[in-house]
Amino acid sequence: MVMRFSPDEDNTRAFRDALGRFATGVTVITAPSPTGGIGMTANSFSSVSLDPALVLWAPSKTSLRYPHFETATHFAIHVMGEDQKDIAMRFAKQGDAFEGLSVHLSDNGVPLIDNCLARFECSTSALHDAGDHAIMVGQVDHVMLKTGSPLVFANGQFGSFLAET
C-alpha cells in the first residue's frame with residue numbers, strides 16, 4: 001500500500017509512521033539540573049561539522065525535561081549499544097533514571113554514563129527554534145568510543161545492526 005498526503009493535524013500518526021521508516025541510532029542525552037542529573041532518550045542526533053566539531057539533537061519543547069536542557073551550558077550525548085535497550089527505555093520514561101547505572105560526573109557536572117558505545121561531551125553552542133522541538137547544537141569538547149554494535153530504532157521498534165559480510 002502506498003499513501004500520499006500533506007502532513008496536518010488529521011494525519012499525525014501517518015506522518016510519524018513515515019518518519020519511523022528512517023532507521024536511527026539511539027542516544028541518551030544527559031545534563032546537570034538543580035535537582036541532580038537529568039537524562040532523555042533521543043534518536044534525533046546528527047553530526048553537523050568536523051571543523052569545528054559540532055553535533056546536534058532535537059528535544060521536544062513539550063517535555064517536562066526540556067527546560068533543563070534549554071538552560072544547560074553543557075550536555076553529553078551517549079550512543080547506546082545493542083545491549084542497552086533497558087537504559088534507553090528507562091530514560092524514555094523518566095529523567096532521573098541513573099540509579100544502578102555506572103555513572104560519573106564530568107568537570108562541568110554532567111552525568112556521564114559508562115559503557116556506552118560512544119560519548120560526546122559538549123558545550124552548548126546554539127539553540128534554535130524548530131516548531132514543537134528545538135535544535136540544540138553542541139561544540140564537542142571530549143569524545144569516548146569503544147567497539148560494539150549500536151542499538152537501532154525503526155518502525156517503532158528497537159533492533160540491532162547486522163553488517164554485510
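Reported to two decimal places, what Rg/Rh ratio describes the chain when computed on Cα atoms with Rh from the Kirkwood expression? Intermediate values should be presented prior to the final figure.
Values: Rg = 16.2 Å, Rh = 16.6 Å.
Reported Rg/Rh (Cα atoms, Kirkwood Rh): 0.97.
Determine the gain in length on full extension of the stretch H104-A126; use 0.36 nm per residue of separation and subtract their C-alpha separation, reporting nm with one decimal.
Gain in length upon complete extension: 5.4 nm.
Modelled label-to-label distance, M3 and R16, 7 Å Cα→beta-carbon offset: nm?
1.2
Per DSSP helix of 4 or more residues, -39500 (n - 2.57); summed, then divided by the residues of the chain. What does that give at 222 nm, rounded to the nearest 500?
Numbers: 3 runs with 23 residues, N = 165.
The per-residue figure over the chain is -3500 deg cm²/dmol.
Of the peptides 37-48, 2-13, how do they stack up when ordered by the mean number of other Cβ atoms within 10 Å, highest first? Present the calculation step by step, with values, prior to reporting the outcome.
Numbers: 37-48: 19.7, 2-13: 8.2.
Going from most to least packed, we get 37-48, 2-13.
Just so you know, all these numbers are worked out from the coordinates, no wet-lab data involved. What you see is a predicted model; the values in this text were computed from it and never measured. No Cβ is skipped: glycine too gets one built from the backbone with ideal geometry, and neighbour counts run over all protein chains shown.
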